[in-house]
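Peer 1: Can you keep this structure in mind? I'll have questions shortly.
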Amino acid sequence: MFNVYFGAVYVYENGFLCNKVLTLGAKNWNYPFSRGDRGGFAYHEISMEGTYKYTSKIYEACLRVNRNVVKYGEDDKKRDPFLPVDTRFSLKEIYSSAVDEKDEQYYLEWLVLNEVAELNSAMLKINRGARSIQ
């Protein structure tokens, strides 16, 4: 048996910018919420297995991410839709540079805009506001 935690992946009052996602049931890739010419989340929840670490496994129930976004950007023809289930949360705990296409990539790197400030913003609050369910 393992503990499952629900943790908010959000940042400050303005949230974080993200890449286009495919919400469950949708046919088109879009930003979840419009923020200027990009989109992002002010608040989003995922379930996480075990203790709160960047290496923890997550379970996303709302959307698919594009596993090719770091390598190909938002190119519609090169998308690789993926429902993150039993997937590691992120590559690092703190980012000092953007993710390179040669780096391993996980949920956070696929979801969040590949800029240091956005990656760190989404990461920094993952430990706050967790609810344990057993």
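Peer 1: Considering only residues that are surrounded by 16 or more Cβ atoms within 10 Å (Cβ to Cβ) and out of contact with any Lys or Arg (no Cβ under 7 Å at 6 or more places or on another chain), look in segment 17-31 and name the one that is nearest to Val116 (Cα to Cα). Steps first, answer last, please.
Peer 2: Going through segment 17-31, the residues surrounded by 16 or more Cβ atoms within 10 Å (Cβ to Cβ) turn out to be 17-22, 29, 31.
Within this subset, residues satisfying the condition of being out of contact with any Lys or Arg (no Cβ under 7 Å at 6 or more places or on another chain) are 18-20.
Working: Cys18: 12, Asn19: 14, Lys20: 18 Å.
That would be Cys18.
Peer 1: Anything in segment 64-87 that is under 16 Å from Leu113 (Cα atoms) and in a strand (DSSP E or B)? List them, or say none.
Peer 2: Within segment 64-87, Arg64, Val65, Asn66 meet the criteria.
Peer 1: Which one of Val70, Val65, Val116, Val99 is touching a strand residue (DSSP E or B) at 6+ places or on another chain (Cβ under 6 Å) and either among the hydrophobic types (A, V, I, L, M, F, W, C) or under 16 Å from Leu24 (Cα atoms) (or both)?
Peer 2: Working: Val70 fails: touching a strand residue (DSSP E or B) at 6+ places or on another chain (Cβ under 6 Å); Val116 fails: touching a strand residue (DSSP E or B) at 6+ places or on another chain (Cβ under 6 Å); Val99 fails: touching a strand residue (DSSP E or B) at 6+ places or on another chain (Cβ under 6 Å).
It is Val65.
Peer 1: Within the set of pairs 6+ apart or on separate chains, which have a first residue in segment 56-69 that is among the hydroxyl-bearing types (Ser, Thr, Tyr), a second that is surrounded by fewer than 18 Cβ atoms within 10 Å (Cβ to Cβ) and part of a loop (DSSP other than H, G, I, E, B), and C-beta atoms under 9 Å apart?
Peer 2: Ser56/Gly50
Peer 1: Could you say whether any residue in segment 74-81 is under 14 Å from the mean Cα position of the chain (by Cα) and surrounded by 16 or more Cβ atoms within 10 Å (Cβ to Cβ)?
Peer 2: Checking segment 74-81: not a single residue is under 14 Å from the mean Cα position of the chain (by Cα) and surrounded by 16 or more Cβ atoms within 10 Å (Cβ to Cβ).
Bear in mind that the values in this text are calculations on the coordinates, not laboratory data. Please read these numbers as outputs of a predicted model, since none were measured by experiment. Virtual Cβ from ideal backbone geometry, glycine too; neighbours counted across all protein chains shown.
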